[in-house]
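Accompanying notes for the structure given below.
Each reported figure results from applying straightforward, stated rules to the coordinates on display, with no laboratory input. Here the structure is a predicted model, which means the values were calculated and not measured. Cβ atoms come from the backbone with ideal geometry, glycine included; neighbour counts cover every protein chain shown.
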Amino acid sequence: MLEINIVKKSYINKPALSDVKLSFPRGEIVGLFGENGAGKTTLMKCALGLLTYKGNVTLDGAPITKKNIEKLSFATGEHSFFPELTGAGHRDFYKEHFPAFSDKRFQGLTEFFGLPLHRSLRALSTGQKNQFEVIFALSQGADYILMDEPFTGNDVFNREDFYKVLLGILEPHETVILSTHLIEEVADFIGRAVLIRAGRIVGDVKTTELEDDGKKLIDYVKETYMYQPDRVSRALEQITGEDAL
Amino acid sequence: MKKLMQRLSPPGMNVKAEKAITVICLILSALWGTLYFLTNYIMERDVLFTVRGGKLVPKQGAVISEFAMTVDPGMIFGFYVTMLIIAGFTLFRLAYFYQGSKSIYLMRRLPQKGETAKRVLALPALWIAGTALIMLLFTGLMAAVYLLATPKGCLPAQPFKDVWEVFACWKSIS
């Protein structure tokens, strides 16, 4: 169980996370949604210990340290690979540093996406870089795989393929926390949706509960965010001075 | 050796450039040091001789300055500059983890302690140690030239008195 207990984080007196309390059992695929600047990335970075924060994050009751950090992996749209190193070089690096690294999964995924193993990652397309980033996170052997906007720059077919592969390869003990703006696209692949706004958790629901209520995920998100459907027409009226639509 | 260098460097980093800069700096330092030594030494040595009957003969009672007085720290100044340049490599190595991606995130997630520090500091530290050793050997070589090329009767009683002054580069700067 990954537990985030009353985590607070500020950037120069500007609160980024306020008393965030969440827990993630094993075996879930969680979508983390929120507008730009809502705190999704900050939350993930705090959980990984990449940022300092107040509060505590524990994994199976123990604080995240060098002893258990390998249980967490991270794929980010900013990329965390070594641009000058090849895919094969990364495989060797991961194998050396993460004893649970799955060579089989790495090989299977790189073959599926037809990724070149002997070219430096710098020379690859953005889509291929993203694929490598996610493959490394999935192959590390972690129980909790945190993904922050990992598919920016990938085409829709590629993304669809990835979601399907993800569902197919995940072991029952693995949890994926996926931060994305592509709500409708991931709606069928996630089991739980967490909504964050201005650093606070404003929604946390299982997709089965939404199904029972006959509600779509996107509608739940809009409702929680108090989305105003007429805001576009109001803005256009204000700008043009004419009645929009 | 190549593998060891890779293990002590940021993954994927081309160490060749650092090696080339280090080797060039060492060659230039040795050339500078040799010229510096020869210029100073020849001037000191010339004073020891006089022309008698068309021949150079040592002056009666003439004694050359001690080794440390003959060369001063200017001789090994280049080696200190080389060490500073190598120390500067650590900044480039650290910056490597922020270039083109945020690989520092991966480094910080590694279960092994001190992996980033090892890959940033270890090789430059070894090269600095190597440069210091070469500097010592170079100074030893110049000391041997001083000892062998100076007529025995012109050597001071303690030719290597305060020899460590040769390395006190900061004194010549101040």
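Quick notes on this one:
- Sequence-distant residues sharing a close amide H with A:Asp148 (under 5 Å, placed H): A:Ala75, A:Thr76, A:Gly77, A:Ser179
- For A:Ile64, the residues 5 or more places off, or on other chains, whose built amide H falls under 5 Å of its own are A:Val57, A:Leu59.
- Note on segment B:31-98 and segment B:102-140: Cα centroid distance 29 Å, given to the nearest whole angstrom.
- Here the Karplus curve 6.51 cos²θ - 1.76 cosθ + 1.60, taken at θ = phi - 60°, turns the phi angles of segment B:128-142 into couplings of 5, 4, x, 5, 4, 5, 4, 4, 5, 5, 4, 4, x, 5, 5 Hz, with x standing for Gly and Pro.
- Global geometry of segment A:84-191, whether rounded, prolate or oblate, following the gyration tensor of its Cα atoms and the 1.5 cut on a/c: oblate
- Using just its DSSP H runs of length 4 or more, each adding -39500 (n - 2.57), chain A gives a mean residue ellipticity at 222 nm of -10000 deg cm²/dmol after division by all residues.
- Ranked list, fewest to most other Cβ atoms within 10 Å of each Cβ, for B:Trp164, B:Trp127, B:Trp32: B:Trp164, B:Trp32, B:Trp127
- For A:Gly141, distant residues with modelled amide H under 5 Å away: A:Ser102
- A:Tyr11-A:Lys66 pseudo-label distance in nm [points 7 Å out on the Cα-to-Cβ vector]: 3.0
- Most mobile of A:Lys66, A:Lys54, A:Lys222 in a GNM of chain A (Cα contacts under 10 Å): A:Lys66
- Of the residues B:Met83, B:Met13, B:Met142, the one that moves most in a GNM of chain B with alpha-carbon contacts below 10 Å is B:Met13.
- The protein assembly as shown gives an Rg/Rh value of 1.24, both radii derived from C-alpha positions and Rh following Kirkwood.
- Helix B:16-46 and the longest principal axis of the Cα set of chain B meet at an angle near 10°.
- Entries of A:Lys21/A:Lys164; A:Lys9/A:Lys206; B:Lys3/B:Lys113; A:Lys66/A:Lys95; A:Lys21/A:Lys66; A:Lys21/A:Lys67 with Cα pairs more than 28 Å apart: A:Lys21/A:Lys164
- Residue among A:Thr65, A:Thr110, A:Thr86 with the largest mean-square fluctuation in a Gaussian network model of chain A, springs linking Cα atoms under 10 Å: A:Thr65
- Using θ = phi - 60° and Karplus 6.51 cos²θ - 1.76 cosθ + 1.60, couplings along segment A:139-150 (whole Hz; Gly, Pro as x): 8, 4, x, 7, 8, 10, 10, 9, 10, 10, 6, x
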